Amino acid sequence: MPFQKFATLAELPPGSVIEILRGDDAYALCNVNGDIRALSGVCPHQGGPLGHGAMEGQLLTCPFHLWQFNSATGACDFNEAIRVPTYPVRVENGEILVDIPDA
């Protein structure tokens, strides 16, 4: 699928995360010191909304039970075998574009 606009840089300041909904799917957009990252927005533990979590450096913390994920790789901080999908991101003219798979 071609890249889709998810947000603007103005909506995602450094050190923040936001939730983006596309159909039935949720995504988490993270800004790590200007490096924009996109992950699945659902925690594999109990379905927590990662886009409502908190950023600590490059770690994204789920608001439900504080599981942390590397925003670059999707790997859980205590067990790298547990992962959330990550997606390619481009920034063009202040717009954040994400390449998500077809449904």
What FRET efficiency would be calculated for the residue pair V91, H45, taking the C-beta separation as r and a Förster radius of 22 Å, to the nearest 0.05? 0.15
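Which value in Å does the Kirkwood hydrodynamic radius of the chain take, with 1/r averaged over all unlike C-alpha pairs and then inverted? Could the numbers behind the result be given before it?
Working: mean 1/r = 0.0751 Å⁻¹.
Roughly 13.3 Å, rounded to one decimal.
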Net lengthening on full extension, F78/D35 (0.36 nm per residue, minus Cα-Cα): 13.2 nm
If we count every other residue with Cβ under 14 angstrom of A75's Cβ, Lys/Arg +1 and Asp/Glu -1, where does the sum land? 0
If the elastic network links every pair of Cα atoms under 10 Å, which of T86, T61, T73 fluctuates the most in the Gaussian network model of the chain? T73
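Considering only the other residues whose Cβ falls under 13 Å of the Cβ of S16, what net charge follows from Lys and Arg at +1 and Asp and Glu at -1?
Working: positive: R37; negative: E11, E19, D35, E56.
Local net charge: -3.
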For the chain, averaging the sequence separation of alpha carbon pairs under 8 Å that lie six or more residues apart and dividing by its residue count, the contact order in percent is 28
Which net charge results for the neighbourhood of Y87, defined as the other residues with beta-carbon distances under 12 angstrom from its beta-carbon, given Lys and Arg at +1 and Asp and Glu at -1? +1
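No value in this document is a laboratory result; all are computed from the given coordinates. Everything quoted here is computed from the prediction, not taken from an experiment. Every residue, glycine as well, gets a Cβ built from its backbone with ideal geometry; the counts of neighbours run over all protein chains shown.
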